[in-house]
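Below is one structure; the comments refer to it alone.
The values are calculated or read from the model by the stated rules, or taken from the named source; none is laboratory data. If you're wondering where the values come from, they're calculated on a predicted model, not measured in any experiment. Glycine gets a Cβ as well: all are built from the backbone with ideal geometry, and neighbour counts include every protein chain shown. With ligands, DNA and RNA removed, areas are computed over all heavy atoms of the protein, side chains included. Shrake-Rupley method; radii C 1.70, N 1.55, O 1.52, S 1.80 Å.
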Amino acid sequence: ADLSTYLFLAGPRFTYRGNERVTPFGHILFGAARSHVDFFDVVGNRVRVRDTAFAMAVGGGLDVKVVDALAIRLFQADYVLTRFNDDNQNNFRLSTGLVLRLGKQ
């Protein structure tokens, strides 16, 4: 089987800018999840199932500024809820990376 899920989320982000170098943030995001499942049944026929459902993510993280236009995201942790077929799927997501800061600061 081949399973893919894509999240399309938007919402407010709350940032504390009390320190010039370290920026903690939190967010609550709402939107949709799109799931694609491909598999072969017992007879060998290819079956494709597509579904769209409610999705939500609540979390936050910590950015550390390297230079004006670049920061390192030390961590971002999110609780992710999707609701396919009237069943809740509860997940946890942890990520890190680089943040490009475009525009005026």
So is Arg73 closer than 18 Å to Arg101 by Cα, touching a Gly at 6+ places or on another chain (Cβ under 7 Å) and either among the basic types (Lys, Arg) or open to solvent by 90 Å² or more (accessible area, probe 1.4 Å) (or both) or not?
yes
Here are some residues: Val43, Val64. Which one is of a type outside the set (Asp, Glu) and over 30 Å from Val22 (Cβ atoms)?
Val43
Among residues of region 4-36, those that are modelled with pLDDT under 90 and over 30 Å from Leu74 (Cβ atoms), counted
0
Test: Leu29 is in a strand (DSSP E or B), open to solvent by 50 Å² or more (accessible area, probe 1.4 Å) and either among the aliphatic types (A, V, I, L, M) or without any contact (Cβ under 8 Å) to a residue 40 or more places away in the chain (or both)
no
Number of positions in region 61-70 that are surrounded by 13 or more Cβ atoms within 10 Å (Cβ to Cβ) and among the small types (Gly, Ala, Ser):
1
Checking Val43 against (1) open to solvent by 50 Å² or more (accessible area, probe 1.4 Å); (2) assigned to a strand (DSSP E or B): exactly one of these is not met. Which one?
(2)
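How many residues are on the phi > 0 side of the Ramachandran plot and either of a type in the set (A, V, I, L, M) or part of a loop (DSSP other than H, G, I, E, B) (or both) when one looks only at region 75-105? Spell out the reasoning first.
Filtering region 75-105 for residues on the phi > 0 side of the Ramachandran plot gives 85-86, 97, 103.
If we keep only those that are either of a type in the set (A, V, I, L, M) or part of a loop (DSSP other than H, G, I, E, B) (or both) too, we end up with 85-86, 103.
Of the residues in region 75-105, 3 are on the phi > 0 side of the Ramachandran plot and either of a type in the set (A, V, I, L, M) or part of a loop (DSSP other than H, G, I, E, B) (or both).
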Filter region 84-105 down to the residues that are open to solvent by 80 Å² or more (accessible area, probe 1.4 Å) and farther than 22 Å from Ala33 by Cβ and list them by number.
Thr96, Leu98, Leu100, Leu102, Lys104, Gln105
